[in-house]
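K.L.:
Below is the structure I would like to discuss, written out as structure tokens.
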Amino acid sequence: MAQTRPQLLVSVIETLIAALGNKDKEAFTRLFSPEAILRDPFGIREYQGLEGLQQYWDDTFKIWFYYDMRLNSYYMGGENRVAVRWAASGTALNN
């Protein structure tokens, strides 16, 4: 049976969080279209396209010795929206 749109959104989010938690750059990048735009959660920078996503990954994980991310809960806001509650913890490298 095919997934509904909300099920697909949740599946993508679960895959995204797993990729981040496992430091799986390829799995992370595969989730986006070649025209993707990612805005840094801290508003520092905007990353465009697949090369930009790979740069975001490199910029983010060059500072982490240990990193863990997990999905706590989510709320569906209709067919095309989902709000996610997640938690992350990590140990930064001492550069």
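Read-outs throughout are calculated quantities, based only on the coordinates presented, and are distinct from any laboratory measurement. Given the structure is predicted, the values throughout are model-derived calculations rather than measurements. Here the Cβ is made from the backbone with ideal geometry for all residues, glycine too, and neighbour counts use every protein chain on show.
K.L.:
Please go through region 9-32 and pick out each residue that is touching a residue at least 40 places away in the same chain (Cβ under 8 Å) and basic (Lys, Arg). Full working, then the answer.
P.N.:
Within region 9-32, the subset touching a residue at least 40 places away in the same chain (Cβ under 8 Å) is 9-10, 13-14, 17, 20-21, 23.
The answer is LYS23, and nothing else.
K.L.:
Quick test of your reading of the structure: PHE28 fulfils all but one of (1) over 18 Å from LEU93 (Cβ atoms); (2) out of contact with any helix residue (DSSP H, G or I) (no Cβ under 7 Å at 6 or more places or on another chain). Name the failing condition by number.
P.N.:
The number of the failed condition is (2).
K.L.:
I need the full set of residues from region 19-53 which are under 17 Å from MET69 (Cβ atoms), over 13 Å from the mean Cα position of the chain (by Cα) and of a type in the set (Gly, Ala, Ser), in order please.
P.N.:
none
K.L.:
Continuing with this model, one more query. Restricted to region 2-29, and to residues that are within 20 Å of ASN72 (Cα to Cα) and hydroxyl-bearing (Ser, Thr, Tyr), which residue is surrounded by the fewest Cβ atoms within 10 Å (Cβ to Cβ)?
P.N.:
Checking each candidate, the answer is SER11.
K.L.:
Looking at region 37-69, which of the residues that are loosely packed, with under 15 Cβ neighbours inside 10 Å and of a type in the set (A, V, I, L, M) is farthest from SER89 (Cα to Cα)?
P.N.:
Taking the candidates together, the pick is ILE37.
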